[in-house]
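Novice: Okay, here's the structure, questions in a sec.
Derivation of every value follows stated rules applied to the coordinates shown; laboratory data play no part. Everything numeric in this text was worked out from a predicted model, so none of it was measured.
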Amino acid sequence: MLRLSRKVEYALIALQVMAERYDQVVSAKEIADEHDIPLEFLAKVLQSLAKLNVIVSQQGVRGGYMLAQAPHTVTVLSIIEAMEGKPALVDCCDETSDTLCRMSQQCSIQDPLQKVNHAITGALHALTLQELSQKKQSKRISAQRSALVQVSL
């Protein structure tokens, strides 16, 4: 089914970290260590994001990466599209593709699948990096509260 590639997944994790620490420089090693991501692969992902002007890279001893834009302005859809192009369930949902399905003239599922595709892209467009980082922070707070409750019992 619809599945994000490892490249996009790692990009979103790294960007989520940068959104949490907005206006701070974050090293690839910090992200890799915190999230158990292979450093070499993450470094390539971050280089791609820098070339796409999604993040800014700072050189030097205290170098690393930071978001090029405010977290509330960057959508998950924009990251997916920048990394891999527009998401499409099937070829007929890909507006940029020249490939036509051989059954397109008599296809009875094209319209429903396009509706599903639009719903998915709409949801991905509505979700920002700021929201991703807030969801992570709320999970962390819930876990801390649960730990405190268990300790106090």
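Novice: How large is the direction-averaged shadow of the alpha-carbon convex hull of region 3-125, in nm²?
Specialist: For the Cα atoms of region 3-125, the hull's average projected area reads 8.7 nm².
Novice: Show me, for region 30-41, the HN-Hα J-couplings you get by feeding each phi into the Karplus relation (A = 6.51, B = -1.76, C = 1.60, θ = phi - 60°), rounded to Hz, glycine and proline as x.
Specialist: Each residue's phi maps through the Karplus curve to give 4, 5, 4, 5, 5, 10, 6, 10, x, 4, 5, 5 Hz.
Novice: Separate question: Between their Cα atoms, which of Lys7/Lys44; Lys7/Lys51; Lys7/Lys115 are more than 18 Å away from each other?
Specialist: As for pairs spanning more than 18 Å Cα to Cα, those are Lys7/Lys115.
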